[in-house]
1. Going Cα to Cα from K79, which lysines come in below 30 Å? Please leave out same-chain ones fewer than 8 positions away.
2. How large is ³J(HN,Hα), in whole Hz, for each residue of the stretch 9-24 in order, when computed from phi with the Karplus curve 6.51 cos²θ - 1.76 cosθ + 1.60 and θ = phi - 60°, using x for Gly and Pro?
3. For D19, which sequence-distant residues (separation of 5 or more, or a different chain) have an amide H within less than 5 Å of its own amide H, given hydrogens modelled in the peptide plane?
4. 7 Å from Cα along Cα→Cβ at both K28 and M44: what's the point-to-point distance in nm?
5. Can you sort I141, I53 from fewest to most other Cβ atoms within 10 Å of each residue's own Cβ?
6. Percent relative contact order of the stretch 2-150, based on C-alpha pairs within less than 8 angstrom and at least six residues apart?
7. How would V75, V113, V92, V146 line up from fewest to most surrounding beta-carbon atoms within 10 angstrom?
8. Give me the number: length gained by fully extending N54 to A72, i.e. 0.36 nm times residue separation minus the C-alpha to C-alpha distance, one decimal in nm.
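Derivation of every value follows stated rules applied to the coordinates shown; laboratory data play no part. None of these values were measured; they are calculated from a predicted model. FYI the Cβ positions are ideal-geometry reconstructions off the backbone, even for glycines, and counts take in every protein chain you see.
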Amino acid sequence: MENKAEESGIKQYIVVKIDNEQFGINIKYIDNIVRLQRITRVPMSQEYFKGVINLRGEILPVMSIRKKLGLADDVFGDKTRIIIAKVENATVGIIVDEVKEVVTLEDESLENVNYGNGDDMNSYISAVGKKGDELISILDICSAIVENENT
């Protein structure tokens with residue numbers, strides 16, 4: 001069913017809150033959402049790489065999407081979650097402030113943006129969608145993770 005929806009230009013996104021902004025992540029990349037747990041730091045790693053977690057016997061890297069986007073450091077609270085994303089051959093945990101909802105957006109309701117210069121938040125935003133009177137920045141999770149894996 002998802003393939004037919006993808007072909008017809010309708011996609012589902014998990015809407016997450018990062019800082020004071022809403023971001024949508026294509027649901028096809030989401031494997032799991034888990035509560036914040038103990039993250040073991042790894043020395044000499046990138047600033048946005050927080051460490052690793054043990055999720056049901058599998059050791060997974062965890063990144064701070066806030067730091068990757070050039071925002072202030074993570075503030076952990078009751079609503080903080082780790083989204084387990086699978087992109088290409090990489091599985092990575094992504095810390096978000098809050099998981100809000102799943103929305104369905106048609107391609108026509110997305111406005112493509114392409115003004116990133118490779119070193120800030122805009123380089124990871126592929127489009128902006130509208131749900132009611134709220135704007136949702138569509139996060140290009142593939143480029144954020146794959147670049148993370150290759151650096």
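1. Output for K79: K11, K17, K28, K50, K67, K68, K100, K130, K131.
2. Per residue, the Karplus-derived 3J(HN,Hα) values read x, 10, 10, 9, 10, 8, 8, 10, 9, 10, 6, 10, 10, 9, 10, x Hz.
3. D97
4. That separation, rounded to one decimal, is 3.9 nm.
5. On the way: I141 22, I53 19.
Ascending number of Cβ neighbours within 10 Å: I53, I141.
6. Details: 296 pairs, mean separation 38.0, N = 149.
Relative contact order for the stretch 2-150 comes out at 25 percent.
7. Numbers: V75 9, V113 13, V92 24, V146 16.
Listing V75, V113, V92, V146 from fewest to most nearby Cβ atoms yields V75, V113, V146, V92.
8. Numbers: separation 18, 0.36 × 18 = 6.48 nm, distance 2.57 nm.
Gain in length upon complete extension: 3.9 nm.
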